[in-house]
1. Is it the case that some residue within segment 245-257 is over 11 Å from the mean Cα position of the chain (by Cα) and under 17 Å from residue 137 (Cα atoms)?
2. Looking at (1) touching a Leu at 6+ places or on another chain (Cβ under 9 Å); (2) crowded, with 17+ Cβ neighbours inside 10 Å; (3) at pLDDT below 85, which is the one condition that is false for residue 85?
3. Within segment 1-45, restricting attention to residues that are modelled with pLDDT of 85 or more and of a type in the set (Gly, Ala, Ser), which residue is surrounded by the most Cβ atoms within 10 Å (Cβ to Cβ)?
4. Just give me the residues in segment 34-67 being part of a helix (DSSP H, G or I) and among the hydroxyl-bearing types (Ser, Thr, Tyr), in sequence order.
5. Could you list all residues from segment 222-235 that are of a type outside the set (A, V, I, L, M, F, W, C) and at pLDDT 90 or above?
6. Is it true that some residue in segment 111-132 is in contact with a strand residue (DSSP E or B) (Cβ under 7 Å, 6 or more places away or on another chain) and closer than 15 Å to residue 234 by Cβ?
7. Based on this model, can you work out whether residue 275 counts as hydrophobic (A, V, I, L, M, F, W, C), over 30 Å from residue 117 (Cβ atoms) and either touching a Gly at 6+ places or on another chain (Cβ under 6 Å) or at pLDDT below 90 (or both)?
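The values are calculated or read from the model by the stated rules, or taken from the named source; none is laboratory data. Please read all numbers here as calculations on a predicted model, not as lab measurements. With ideal geometry, Cβ positions are generated from the backbone for all residues, glycine too; neighbour counts draw on all protein chains shown. The accessibility values were calculated without ligands, DNA or RNA, using every heavy atom of the protein model including side chains. Shrake-Rupley method; radii C 1.70, N 1.55, O 1.52, S 1.80 Å.
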Amino acid sequence: MRAATSLNELKEQIQLSYGHLSNRLQQVAQYILENSSSVAFDTVASIAQQANVPPSTLIRFANAFGFSGFNEMKQLFRQKLVEDTASYTDRARLFKQLEGEQRPPETAKDILDQFARANAKALEHLSTTTESSELEKAAQVLRCADNIYVIGLRRSFSIASYFTYALRHLEKRAFLIDGLGGMFHEQLSMIGPSDVVVSISFSPYAEETLSLSEIASKAGAKQVVITDSEISPLATFSDACFVIKEAKVDAFRSQAASMCLVQSLAVSLAFEGSVS
């Protein structure tokens, strides 16, 4: 089994596989599903004691779900805990608490250097893994669209805002779905088969974005999806799908790769327009 990349994905795998697990592994499954927060903080020995299994059973459980060890699986619980912390100050504090490291405070320059190095790797990964056929497919549906609706909430909002801005400068009928006044569905109520939705969402996926993608699918609109996993719920609706692996420094993720992708799409449309 391929190792999950998010806690939600892991929980789905556990639920689907639960009936096929041994009694010992079912004990572990039940414990970690019911105690996600404590799993993020506790040691392997403590978790084994609480689940009433030997520590070796935790390792076997992790191996059954594609991880090399239980500590590797624990990173998903930590990641989810950090992601659910909205305040950046609290997030940084929680990250240090989870890491349990006593290291000197990082300066702004230290953090800049880390982000620069991490973003360079993320951009290289974007370049080498993005298929030209997928880029052409996305450009084609955007080129032919009557209207383009762009959806990106929470940390995806800045990417969606920029892409809408760029499309408007290409004289495209582009509309940013921001849900002002709670009017998400109203802003998409006129969508039709000749339109395109660009959905941008990363784990944990915004429920509103998923709901609007379903509406667009039922209306027959084409969809370009920018997300972080091949099994993202948004990928189901996509005509063109881009899986982005953003840089991450401590508990904070960058947006450089996603911004690079939408800028590349916009500029490619601009050059096509200049030729025609």
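1. no
2. (2)
3. Ranking the qualifying residues of segment 1-45, first place goes to 29.
4. 36, 37, 38, 46, 56, 57
5. 222, 223, 227 - these are the residues of segment 222-235 that are of a type outside the set (A, V, I, L, M, F, W, C) and at pLDDT 90 or above.
6. no
7. In short, yes.
Matching residues to (1) in contact (Cβ under 8 Å) with a residue 12 or more places away in the chain; (2) open to solvent by 30 Å² or more (accessible area, probe 1.4 Å); (3) in contact with a strand residue (DSSP E or B) (Cβ under 8 Å, 6 or more places away or on another chain):
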{"position": "224", "(1), (2), (3)": "yes, no, yes"}
{"position": "230", "(1), (2), (3)": "yes, yes, yes"}
{"position": "258", "(1), (2), (3)": "yes, no, yes"}
{"position": "270", "(1), (2), (3)": "yes, yes, no"}
